1. I'd like to know if the stretch 403-413 contains one or more residues that are in a helix (DSSP H, G or I), open to solvent by 30 Å² or more (accessible area, probe 1.4 Å) and of a type in the set (A, V, I, L, M, F, W, C).
2. Which one of these is out of contact with any Pro (no Cβ under 7 Å at 6 or more places or on another chain) and either within 16 Å of the ligand (Cβ to nearest atom) or free of Cβ contacts under 8 Å to residues at least 24 places away in the same chain (or both): 407, 431?
3. For residue 576, all conditions in the list (1) part of a helix (DSSP H, G or I); (2) in contact with a Pro (Cβ under 7 Å, 6 or more places away or on another chain); (3) within 21 Å of residue 434 (Cβ to Cβ) hold save one; what is the number of the exception?
4. Just name the residue that is surrounded by the most Cβ atoms within 10 Å (Cβ to Cβ) out of those in the stretch 279-302 that are of a type in the set (Gly, Ala, Ser) and touching a strand residue (DSSP E or B) at 6+ places or on another chain (Cβ under 6 Å).
5. May I ask you to list pairs of residues, at least six apart or on different chains, whose Cβ atoms are under 8 Å apart, with the first in the stretch 290-319 being more than 16 Å from the ligand (Cβ to nearest atom) and polar (S, T, N, Q) and the second being open to solvent by less than 10 Å² (accessible area, probe 1.4 Å) and modelled with pLDDT of 95 or more?
6. How do the strands (runs of 3 or more DSSP E) wholly within the stretch 335-389 filter down when requiring 3 or more residues that are open to solvent by less than 30 Å² (accessible area, probe 1.4 Å) and within 13 Å of the ligand (Cβ to nearest atom): which remain?
7. Within the stretch 479-488, is there a residue that is in contact (Cβ under 8 Å) with a residue 12 or more places away in the chain, within 16 Å of the ligand (Cβ to nearest atom), in a loop (DSSP other than H, G, I, E, B) and assigned by TED's automatic domain parsing to the domain that holds residue 525?
8. Residues of the stretch 87-124 being modelled with pLDDT under 95 and among the aliphatic types (A, V, I, L, M), which ones?
Amino acid sequence: MCGIVGYTGVQNGAPILLEGLKKLEYRGYDSAGIAVIQDRTIHIQKVTGRIANLCEKTQDGLLTPGCTGIGHTRWATHGAPTDTNAHPHASNDGRFAVVHNGIIENYVELRRELTEKGYHFESETDTEVIVHLVEHYYHGDFQKAVMKTANRLQGSYALGIICADEPGRVFVVREASPLILGVGIGENFFASDVTAMVAYTRNVIYLEDGEFAELTANAIRVFDCAGREIPKQINRITWDIQAAEKGGYDHFMLKEIMEQPRAAKATITPRIQSGQIQLDDLDLDFGNVRRILITACGSAYYAGCAGKYTIEKLCRIPVQMELASELRYADPLVDEHTLLIVLSQSGETADTIAAMKECRRRGAKVLAIVNVVGSTIAKLADYVLYTWAGPEIAVATTKGYTTQLLVLYLFALYTAKKLNTIEETEYCRLVSCLKALPKQMQQVLDMNPAIPRLAKKYHQAYSMFFIGRNTDYAVALEGALKMKEISYIHAESYAAGELKHGTIALIHEMQPVIALCCNESVTEKTMSNIIEVKTRGAEVLAVAHRENQKIVSLADDMIYVPKVDPLLCACVEIIPLQMLAYHVAKENGCDIDKPMNLAKSVTVE
Ligand code: G6P
């Protein structure tokens, strides 16, 4: 939930750290800091708020010269977002500084122990115990002190540690938090995410849990937890650096919404050859699968909710949805006949990882659908299907969600064919519908110039209802989440047929209803729900295709989408809702890419 970065080389480190932190700001942005070694002294600068404040305070790093340093952008867990609680934290003797992403679960005991030994604590953070432990275990051997410290820590941590006595040396440690090393020429890097280093190097090393590494300007050495040096493979990042920049758009979110047709093509096209879906990485014994369990958090969970309908309909296998944060403690009924599908954009979500480990322990095979190559979830899974959406920076996911859906569609069709639950003609028809989706996603972006105007009409709403049935309901869940996340307007997603069982009492003139009517198998039914809410005075904004004249005449406002098969329509239907949330948030002056209190990658429980 925080971002860390580090540099050692021959250049001035602080500007590189600050640039890296800007790329990591999506991971947390309530305070930030850097520590740089100059003349065998560690200089620390910290601020409350955004990286921009830190740039201002340090004059873009010019005030803190030095060729070795570490940086941090924080999403507070232990202790309020203040200057004092911001990282890096320093040891009492000023010899060490540390940045940390994760949570130290045994910090209360360690803090007590260190206090008894005479160490003084400045902050309320769990992190500060780390730097005092390093000082405590240091008797001239930096590496040994780091190892001994890591052995005392319980929880999740990616650490960067510097020592004033050894200006060109940085130690990093990884346990259940993302950490990647960047291999340069005469300089080396580390960061929570490659986006922070890709401007300098495309050669990276992925650390595994329990490993630690020493970085100097000319070498990187990786060790296992017992201190034995281990060989590591250098991987090449192939995506374009511009993919992680705003590219002329006002916000990353808008850019990422617009990128969806291209991302969809990258996800689908290589996997359809001569009309057949090829999922080479999925060498699964389908005959052994009696049920599918899908788990994830946030939008990824809602992608699963929509995909469930398609899988069940085509494969005739029961699919159960469970939120990862619930599943991990649910004593789940999972065995070797269960296929667990894990959805995650980042591949680092702590609850999802824990749920996955628990189900694996009970015998389930795990298929991960993830975006970030080399992420923890990708590494832990039995099978991986990447979503190929490219880097996603805005906290509210858009292309991450739609590409997850597309992979679920591919999976559903592929599995149905393997299990013989689909007729050949239907298979061919749906494969060509699938191939048409990127174009239809583009059409939906092109055919709705009215969305900014609709946002002006609805942006003052205190609350909104999103209603639909079947896949339309699944899209309502994600549409409402998008609205809440970035505009802070309360939004309730409801299965349209459930309204009359209670919450219809909340419908009135001031309560706009967004009615999702793209799944033709149920639109007639949803229309009667539209009439119910209109009778109670609500204004209705409907999402449907143009030919559906009945809805056009019923609704107060329309958003149009192309006509898509009900089994595949969710990934097109969500796009105007992303746009609506975006423009409503813009009208309300919200910080769209970095919404309040959220973080993109939730690597703590
Ligand atoms: C956070 C983000 C959400 C995201 C969820 C799951 O809560 O703010 O946008 O859907 O994590 O993230 P994942 O990376 O596992 O898809």
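1. No, the stretch 403-413 contains no residue that is in a helix (DSSP H, G or I), open to solvent by 30 Å² or more (accessible area, probe 1.4 Å) and of a type in the set (A, V, I, L, M, F, W, C).
2. 407
3. (2)
4. Ranking the qualifying residues of the stretch 279-302, first place goes to 296.
5. 310/408; 310/409; 310/412; 310/471; 310/568
6. 338-344, 365-370
7. yes
8. Those that are modelled with pLDDT under 95 and among the aliphatic types (A, V, I, L, M): 103, 104, 108.
The values are calculated or read from the model by the stated rules, or taken from the named source; none is laboratory data. This is a predicted model, so every value here is computed, not measured. Glycine also receives a Cβ, built like all others from the backbone with ideal geometry; neighbour counts cover every protein chain displayed. Quick note on the areas: whole protein, heavy atoms, side chains included, nothing else; ligands and nucleic acids left out. Shrake-Rupley method; radii C 1.70, N 1.55, O 1.52, S 1.80 Å.
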